[in-house]
Amino acid sequence: MKHFSHLFVAVLLAATCLVSTSALGQYKTLEVEAIDNHGVVPGTTYRVYVVMESEGDILDAVFGDGEDVLVVESTKPFYQSPLGGDLSKDTKRDVALANEELRYDSWVTIGFEDNYMNALTGFMIDFSGFTEGGRIFSDNGAWFVTPDMLQAQADERGRILIMQLTTEGVVSGMLNVHGRTRTTGAPGEEQFDVIDARGIPFSFGGE
């Protein structure tokens, strides 16, 4: 559906009723961090972050559409805990504290890593392949939060977590992200600039 992203963007912006203005910050890069899973599960656990220019910049959606598809895949299966799910909000915090394997489950997110206060939604994405350890693909879907949610805000390093992936393989793919810069102005006169970064390639992992 070629115009999926335009409709989706309009819905997200309507949630804030703000005014777009000149850019104060923008998408910079993806950052991948390998975390020590202590050999509890096979492979390496990676956390993938979108990096913005400024603390407080917003990332509200990772999406694919007919112009720019979304792909996340690995040359070997992604580890999937039977206690977890495709979205970070499927990870129950109390269960993860008691179960090491669940802590290194593979999932997608915006900002938060478990179910606590997590408003993440999957929209028109078929995660069935990912559930079985395979790829994520969409030409008409997203995972998102509304831009007013705390979890959508970049931290002091400009980072927003978007995925945790555990695999023995090489991970690669393409992402598109939507958001906005940190708002400025008096209440009722807030201003921002839309961030719409497409065709972001990535590859990491393996020997």
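Numbers for the structure displayed
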{"item": "Matching option when the condition is part of a loop (DSSP other than H, G, I, E, B), closer than 25 Å to R198 by Cβ and in contact with a strand residue (DSSP E or B) (Cβ under 9 Å, 6 or more places away or on another chain), among G85, G134", "result": "G134"}
{"item": "Enumeration of residues in region 142-174 that are over 17 Å from S88 (Cα atoms) and either in a loop (DSSP other than H, G, I, E, B) or small (G, A, S) (or both)", "result": "P147, D148, A154, D155, E156, R157, G158, E168, G169, S172, G173"}
{"item": "Given (1) of a type in the set (G, A, S); (2) within 15 Å of the chain's Cα centre (by Cα); (3) at negative phi, number of the condition A98 does not satisfy", "result": "(2)"}
{"item": "Residues that are under 28 Å from D139 (Cβ atoms) and loosely packed, with under 15 Cβ neighbours inside 10 Å, drawn from region 150-193", "result": "V170"}
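We did not get these values from a lab; they are worked out from the coordinates using the rules stated. These numbers come from a predicted model, not from an experiment. Note that each Cβ is placed from the backbone with ideal geometry, even for glycine, and that neighbours are counted across all protein chains shown.
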